[in-house]
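Here the structure comes first, spelled out in structure tokens, and everything after it is commentary.
The values are calculated or read from the model by the stated rules, or taken from the named source; none is laboratory data. Quick caveat, the model's predicted, so the values are computed rather than measured. Positions of Cβ are backbone-derived with ideal geometry, glycine not excepted, and every protein chain shown enters the neighbour counts.
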Amino acid sequence: MIQEELISIIKDKILRELSKDTSSDESELGIFDTVDEAVAAAKEAQKKLNLLDLEKREIIISAIREASINNANYLAVLCVEESQMGRVDDKIAKIILAAKKTPGTEDLIPWAKSGDHGLTLVERGPFGVIASITPVTNPVSTIVNNGIGMIAGGNTVVINPHPRAIRVSIETIKLINDAIAKAGGPRHLICTVKEPTIETSQQMMKHPDVRLISATGGPGVVKAALSSGKKAIGAGAGNPPVVVDETADIAKAAHDIVLGASFDNNLPCISEKVAIVVEEVAQKLMDAFKNENVYILNDDEARAITEKVIVEGAVNKELVGKDASYILRQIKVEPISDVRLLIMPADKDHPLVHHEQLMPVLPVVTVSDVDEAIDFAVKCEQGNRHTAIMHSKNVDHMTKYARAIETTIFVKNGPSYAGIGMGGEGFTTFTIAGPTGEGLTSARSFTRQRRCILVDGFRIV
């Protein structure tokens with residue numbers, strides 16, 4: 001937990017920084033009045049970036065990593081203050097994860113084939129200027145993650161932040177561009193506009209000098225990107241179900257589920273949104289939850305919470321990303337401690353089971369056996385093909401679930417965030433492209449495959 005004194009210090013720094021008159025040099029740090037200006041600057045910067053060798057590109061990326069880590073506390077506090085979502089500690093963890101575990105130029109692996117008719121070399125080349133639409137749920141970590149991957153691929157980036165994360169996004173872009181300039185890199189590798197809106201997002205997507213669109217957000221954002229007529233990478237919504245079967249380590253399962261579902265107040269799209277447990281161990285799981293930092297709702301409290309969370313058939317945006325304690329107070333229940341997650345026994349048709357709620361309220365559904373659990377999990381996931389989790393010691397059960405649900409990420413016996421490299425192996429990303437099929441994006445996702453053929457030549461064997 002971040003100490004109150006540290007939060008106070010960071011808040012003071014934020015206020016000092018925001019009070020400075022930086023209008024004169026904002027364009028030098030990638031902040032422009034119009035989309036046309038931002039794209040033009042990024043286009044010129046991409047020409048300069050393309051002249052640099054990979055070693056120099058890596059120096060730039062190292063500078064981005066260092067600046068992001070050094071300013072993680074500051075940006076995390078600013079993010080929570082502006083968006084009124086999430087937890088400072090978890091925002092810090094996400095920023096550091098993006099900075100450390102996003103692949104750089106090492107991801108651009110060329111290959112060659114020689115044969116009777118000569119040599120073919122295949123390399124990864126940049127698209128050029130990329131328009132990146134970033135979400136309110138992970139604004140800083142997505143900018144850091146996309147910035148590293150896209151620049152590693154030889155591209156420049158024009159970002160349209162979510163309206164509820166403008167200040168922190170602009171501050172992140174300024175810090176990154178300043179770090180790049182100090183490392184000797186070109187200015188304007190990452191750009192944005194002073195007042196991003198839905199309209200500026202549309203302008204970016206339609207701009208003739210934008211060659212690729214990367215959109216992270218809800219179905220509407222992804223649909224707009226796919227309708228642009230350009231190459232688009234869409235990272236859409238998820239509703240990840242976690243299945244607990246009769247062979248699971250129940251204590252560990254309960255602990256991991258709470259870690260994943262409560263992380264940053266359930267804002268990550270990979271987080272557990274519904275738990276499905278086999279009847280044989282259902283009570284054991286509920287008992288194990290009692291040993292975690294949770295509040296188990298009784299029937300009356302569950303009904304009251306549901307009425308607050310689901311309004312006119314949709315998730316109440318005012319509660320998205322709020323602390324569990326805050327949500328509990330909405331029904332006049334005062335928690336005795338800093339509760340991280342609300343647990344709600346629920347029926348199959350409960351609205352929270354089928355909505356991506358993005359808040360620390362976890363419905364738990366009991367089913368008769370693992371086959372029913374898997375079938376219902378597939379239904380809950382709704383074909384997003386995003387993330388699924390299972391706690392089991394039975395390989396056959398895990399295999400059947402993985403094949404049935406066909407998600408981009410499948411986590412076994414761990415919290416959901418292990419799927420993006422936090423406590424699990426592998427690289428990280430905050431642009432998980434389920435709708436368009438790229439999966440966990442990295443530098444190579446933002447490049448074109450280019451082939452060079454030498455006919456009947458350069459055979460040394």
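So, in region 354-371, how many residues would count as being surrounded by 18 or more Cβ atoms within 10 Å (Cβ to Cβ) and either over 24 Å from ASN394 (Cβ atoms) or not hydrophobic (A, V, I, L, M, F, W, C) (or both)?
Number satisfying all stated conditions: 9.
Kindly indicate whether any position in region 197-206 is in contact with a Ser or Thr (Cβ under 7 Å, 6 or more places away or on another chain) and outside the structural domain of ILE343 (by TED's automatic domain parsing).
For region 197-206, residues in contact with a Ser or Thr (Cβ under 7 Å, 6 or more places away or on another chain) and outside the structural domain of ILE343 (by TED's automatic domain parsing): present.
State whether one or more residues within region 303-311 are surrounded by fewer than 17 Cβ atoms within 10 Å (Cβ to Cβ), assigned to a loop (DSSP other than H, G, I, E, B) and out of contact with any Lys or Arg (no Cβ under 9 Å at 6 or more places or on another chain).
No: zero hits.
In region 174-194, what residues are in a loop (DSSP other than H, G, I, E, B), basic (Lys, Arg) and over 24 Å from the mean Cα position of the chain (by Cα)?
Of the residues in region 174-194, the ones in a loop (DSSP other than H, G, I, E, B) are 183-189, 194.
If we keep only those that are basic (Lys, Arg) as well, we get 187, 194.
Residue satisfying the conditions is ARG187 alone.
Could you check how many residues of region 79-125 are closer than 19 Å to ARG444 by Cβ and not in a helix (DSSP H, G or I)?
The number of residues fulfilling the criteria is 15.
List the number of the failed condition for GLY115; all other conditions in (1) closer than 22 Å to ALA237 by Cα; (2) at pLDDT below 95 hold.
With respect to (1) closer than 22 Å to ALA237 by Cα; (2) at pLDDT below 95, GLY115 is out only on (1).
Could you go through region 143-151 and let me know if any residue there is within 25 Å of LEU259 (Cβ to Cβ) and either in the same structural domain as GLU318 (by TED's automatic domain parsing) or not aliphatic (A, V, I, L, M) (or both).
yes
Output the residues belonging to region 232-271 that are in a loop (DSSP other than H, G, I, E, B) and of a type in the set (Gly, Ala, Ser).
The answer is GLY236, ALA237, GLY238, ALA248, SER271.
Which is over 25 Å from the mean Cα position of the chain (by Cα) and hydrophobic (A, V, I, L, M, F, W, C), of ALA45, ALA76, ALA67? Give the derivation first.
On the way: ALA76 fails: over 25 Å from the mean Cα position of the chain (by Cα); ALA67 fails: over 25 Å from the mean Cα position of the chain (by Cα).
Of ALA45, ALA76, ALA67, the one residue that is over 25 Å from the mean Cα position of the chain (by Cα) and hydrophobic (A, V, I, L, M, F, W, C) is ALA45.
Please specify each residue of region 312-339 satisfying the condition of being within 23 Å of PRO135 (Cα to Cα), surrounded by 12 or more Cβ atoms within 10 Å (Cβ to Cβ) and small (Gly, Ala, Ser).
Matches in region 312-339: GLY321, ALA324.
Can you spot a residue in region 289-311 that is in contact with a helix residue (DSSP H, G or I) (Cβ under 7 Å, 6 or more places away or on another chain), on the phi < 0 side of the Ramachandran plot and without any contact (Cβ under 8 Å) to a residue 24 or more places away in the chain?
Checked against the condition, which is being in contact with a helix residue (DSSP H, G or I) (Cβ under 7 Å, 6 or more places away or on another chain), on the phi < 0 side of the Ramachandran plot and without any contact (Cβ under 8 Å) to a residue 24 or more places away in the chain, region 289-311 yields at least one hit.
On the basis of being farther than 29 Å from LYS94 by Cα, assigned by TED's automatic domain parsing to the domain that holds ALA388 and touching a residue at least 12 places away in the same chain (Cβ under 8 Å), does ALA282 make the cut?
Working: farther than 29 Å from LYS94 by Cα: yes; assigned by TED's automatic domain parsing to the domain that holds ALA388: yes; touching a residue at least 12 places away in the same chain (Cβ under 8 Å): yes.
Taking the combined requirement at face value, the residue satisfies it.
Go through (1) hydrophobic (A, V, I, L, M, F, W, C); (2) surrounded by 17 or more Cβ atoms within 10 Å (Cβ to Cβ); (3) out of contact with any Phe, Trp or Tyr (no Cβ under 6 Å at 6 or more places or on another chain) one by one and return the number of the condition ILE460 breaks.
Every listed condition holds for ILE460 apart from (2).
Of everything in region 237-255, what is within 24 Å of the chain's Cα centre (by Cα) and of a type in the set (A, V, I, L, M)? Give them in sequence order.
Hits for region 237-255 are ALA237, VAL242, VAL243, ALA253, ALA254.
Is it the case, given these coordinates, that PHE376 is on the phi < 0 side of the Ramachandran plot, in contact with a strand residue (DSSP E or B) (Cβ under 9 Å, 6 or more places away or on another chain), among the aromatic types (Phe, Trp, Tyr) and assigned to a strand (DSSP E or B)?
Against the criterion (on the phi < 0 side of the Ramachandran plot, in contact with a strand residue (DSSP E or B) (Cβ under 9 Å, 6 or more places away or on another chain), among the aromatic types (Phe, Trp, Tyr) and assigned to a strand (DSSP E or B)), PHE376 does not qualify.
Which of the numbered conditions does LEU342 fail, given that it passes all the others? Conditions: (1) in a loop (DSSP other than H, G, I, E, B); (2) buried (at least 24 other Cβ atoms within 10 Å of the Cβ).
All conditions pass for LEU342, except number (1).
Collect the residues in region 131-152 that are of a type in the set (A, V, I, L, M, F, W, C), closer than 23 Å to VAL88 by Cα and assigned to a helix (DSSP H, G or I), keeping them in residue-number order.
VAL140, ILE143, VAL144, ILE148
Being out of contact with any Lys or Arg (no Cβ under 9 Å at 6 or more places or on another chain), on the phi < 0 side of the Ramachandran plot and of a type in the set (Ser, Thr, Tyr) is the requirement here; does THR137 meet it?
yes
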